[in-house]
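Data first, discussion second: the structure below is written as structure tokens.
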Amino acid sequence: MNNIKKSIKLFEEAKLHMPGGVNSPVRAFKNIDGNPIFFKKAKGAYVYDADDNKYIDYIGSWGPMIMGHSNPQIVKAISKQLELGTSYGAPTSLESKTAQLIKKCMPSIEKIRMVNSGTEATMSAIRLARGFTNKNKIIKFDGCYHGHVDSLLVKAGSGVSTFGLPDSPGVPSQLAKQTISCEFNNEKDFLKAYKKVKNDLAAIIIEPIAGNMGFIPAKKTFLKLLRKKTKESNSILIFDEVMTGFRVSLGGAQEIYGIKPDITALGKVIGGGLPVGAFGGKEEIMNCLAPNGPVYQAGTLSGNPLAMAAGHELIKMLIKNNPYDLLENKASILLSEMKNIFDKKGVPFSTNQIGGMFGFFFSKKLPRNFNEVAATNDMHFKNFLNSCINHGIYFAPSKFEAGFISTKHTNKEINTTIKVVKKILSKGL
Ligand SMILES: *Cc1c(COP(=O)(O)O)cnc(C)c1O
């Protein structure tokens with residue numbers, strides 16, 4: 001059992017200075033009634049806490065650490081840029097270089113704009129869609145999280161559902177009314193909403209592989225229907241690939257499904273662990289952005305050279321290594337072994353993975369939408385998660401979050417994880 005005395009003390013102190021002691025809600029461990037672990041360093045597949053405990057990390061900063069923490073090549077790229085300056089508020093060649101690599105991997109992106117977070121990317125994508133189409137309504141899907149954008153904080157999954165806030169106070173109801181949320185993977189529910197708003201429909205936004213209600217891929221037929229209907233109504237199809245971009249495959253979920261969105265939102269991996277977001281798509285649409293067109297969007301630190309250096313290096317490594325099959329195999333070994341252990345103990349358990357992203361659920365059948373995830377066993381999840389953390393295995397502390405594996409997770413880390421799961425289960429959940 002890990003001693004986390006210092007983390008407990010640090011959390012008490014943090015609560016004096018920050019609401020809830022954190023700068024992003026899921027970090028507070030409320031969902032598992034635990035004390036957040038405060039980290040001080042990370043290397044490869046491991047994170048190290050303030051009490052010097054070592055954990056095998058299956059969060060990887062929610063995606064970016066796909067080639068391991070403190071990857072020497074990324075550290076080198078950042079250091080090199082650090083010597084040259086950290087921000088100029090002016091253009092650099094690094095922005096074009098990074099844009100070129102992203103476009104090469106995601107052919108649906110003809111032009112791209114860099115921003116500083118995933119939230120900024122989806123917020124701006126929606127403004128652009130509205131500006132381009134001259135329409136107002138947005139369709140989204142229950143449990144899909146698109147950042148904390150006003151218009152998108154409607155049935156928004158992970159953080160929001162973890163805390164039982166269906167909508168957030170502070171979002172004007174007039175604005176929320178412009179957003180319709182339908183059940184994920186439910187054609188009928190979508191068609192009903194579509195029929196109602198199609199004449200004023202600016203955009204449909206979706207996580208094609210949802211990572212904010214656990215891990216739930218959309219059905220291909222469902223995504224195809226969205227593509228077809230947005231074409232019919234001259235609306236914009238936005239794929240939010242902030243989490244899946246460069247995580248499930250080089251070309252993101254759109255490559256796996258073979259479906260081209262009009263706009264893609266990116267973040268997480270493309271910053272190599274530094275704050276970044278981006279949105280890109282058809283040239284005709286992107287050219288509506290200022291200074292080319294009338295839709296305003298700007299950012300003092302957008303395209304920041306440090307973030308571009310880190311992101312560029314990471315994307316280059318991903319293109320060279322194409323580690324996605326390997327990551328999926330590793331995740332699949334880990335999850336099937338876990339499932340064997342749970343099956344033997346008669347604990348309902350289901351799993352899924354694509355590329356370096358995975359999910360496990362305390363339910364017999366794999367959930368297909370938010371309500372089915374919500375219905376999975378909370379007590380099992382909470383007990384399992386707390387025990388894992390006590391034993392040095394760091395999974396996401398909410399059943400509405402996905403898991404991530406890196407190229408630095410070797411057989412050794414996988415086997416250690418399986419051993420710990422066996423040990424936990426030998427005592428029962
Ligand atoms: C993380 C995430 C966002 C928000 O990105 P931030 O950088 O946290 O603002 C948006 N959409 C999806 C799918 C995400 O996973």
Near LYS195, which aspartates and glutamates are there with a Cα under 19 Å away, not counting those fewer than 8 places off in the same chain? ASP142, GLU183, GLU187, GLU232
Residue span ASN371 to SER96: 0.36 nm per residue of separation minus Cα-Cα distance leaves a gain in nm of 94.8 nm
For ILE319 paired with SER336, estimate the spin-label separation in nm (one decimal), with each label point 7 Å from Cα along the Cα-to-Cβ line. 3.4
Return the distance in nm (one decimal) between the two label points of a simple spin-label model at LYS419 and GLU110, each offset 7 Å from Cα along Cα→Cβ. 5.6
Using alpha carbons only, how many degrees (0 to 90, rounded to 10) separate the axis of helix 93-105 from the longest principal axis of the chain? 80
Relative contact order of the range 233-300, pairs being alpha-carbon contacts under 8 Å that are 6 or more residues apart, as %: 25
Could you do me a favour and compute the accessible area per residue for the chain, 1.4 Å probe, result in Å²? 43
Please compare each pair in LYS339/LYS422; LYS192/LYS260; LYS220/LYS399; LYS231/LYS260 to a cut-off of 22 Å on the Cα-Cα distance and tell me which ones are over it. LYS192/LYS260; LYS220/LYS399
On average over all directions, what projected area in square nanometres does the range 72-321 have, based on the convex hull of its Cα atoms? 13.2
So if R0 is 30 Å, what FRET efficiency would ASN23 and ASN3 give, r being the distance between their Cβ atoms, rounded to the nearest 0.05? 0.75
Peptides ranked, highest mean first, by Cβ atoms within 10 Å: ranges 200-209, 371-380: 200-209, 371-380
Multiply the residue separation of ASN134 and ASN390 by 0.36 nm, subtract the distance between their alpha-carbon atoms, and state the gained length in nm to one decimal. 86.8 nm
Can you tell me how much longer the chain between GLN174 and LEU84 gets when fully stretched, taken as 0.36 nm per residue apart minus their C-alpha distance, in nm with one decimal? 27.7 nm
Pick from LEU250, LEU175, LEU152: which is most flexible by mean-square fluctuation in a GNM of the chain where alpha carbon atoms under 10 Å apart are linked? LEU175
Dimensions of the chain along principal axes (Cα, Å, largest first)? 60, 55, 45
What list of ³J(HN,Hα) couplings, whole Hz, do you get for the range 47-56 from phi and the Karplus terms 6.51, -1.76, 1.60, once you set θ to phi - 60° and write x for glycine and proline? 10, 10, 9, 5, 8, 6, 7, 10, 10, 7
Residue by residue, what Karplus-based ³J(HN,Hα) values in Hz, rounded to whole numbers, does the range 177-182 have, using 6.51, -1.76 and 1.60 with θ = phi - 60° and x for Gly and Pro? 5, 7, 10, 10, 10, 10
At a Förster radius of 22 Å, what calculated FRET efficiency corresponds to the Cβ-Cβ distance of SER426 and LYS219, to the nearest 0.05? 0.05
Kindly provide the helix-only [θ] at 222 nm of the chain, computed as the sum of -39,500 (n - 2.57) over DSSP H runs of four or more divided by all residues, to the nearest 500 deg cm²/dmol? -12000 deg cm²/dmol
If you put +1 on each Lys and Arg Cβ and -1 on each Asp and Glu Cβ, how big is the dipole of the range 72-321 around its Cα centre, in Debye rounded to 20? 680
Loop sites in the range 204-281: trypsin sites (Lys or Arg not before Pro), DSSP, at most 15 other Cβ within 10 Å: LYS219
If R0 = 51 Å, then ASP200 and ASN329, at their Cβ-Cβ distance, give a FRET efficiency to the nearest 0.05 of 0.65
Tell me, what ³J(HN,Hα) does each residue in the range 361-368 have, in order and in whole Hz, if you take phi through Karplus 6.51 cos²θ - 1.76 cosθ + 1.60 with θ = phi - 60° and put x for Gly and Pro? 9, 8, 7, 5, 9, 5, x, 10
Of the listed links LYS365/LYS419; LYS5/LYS419; LYS43/LYS408, those spanning more than 18 angstrom between alpha carbons are LYS365/LYS419; LYS5/LYS419
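The values are calculated or read from the model by the stated rules, or taken from the named source; none is laboratory data. Note that the coordinates shown come from a computational prediction; the quantities given were computed from them, not determined experimentally. Quick reminder, even Gly has a Cβ in these numbers, built from the backbone with ideal geometry, and neighbours come from all protein chains shown. To get the accessible areas, we keep the full protein, side chains included, count just its heavy atoms, and leave off ligands, DNA and RNA. Shrake-Rupley method; radii C 1.70, N 1.55, O 1.52, S 1.80 Å.
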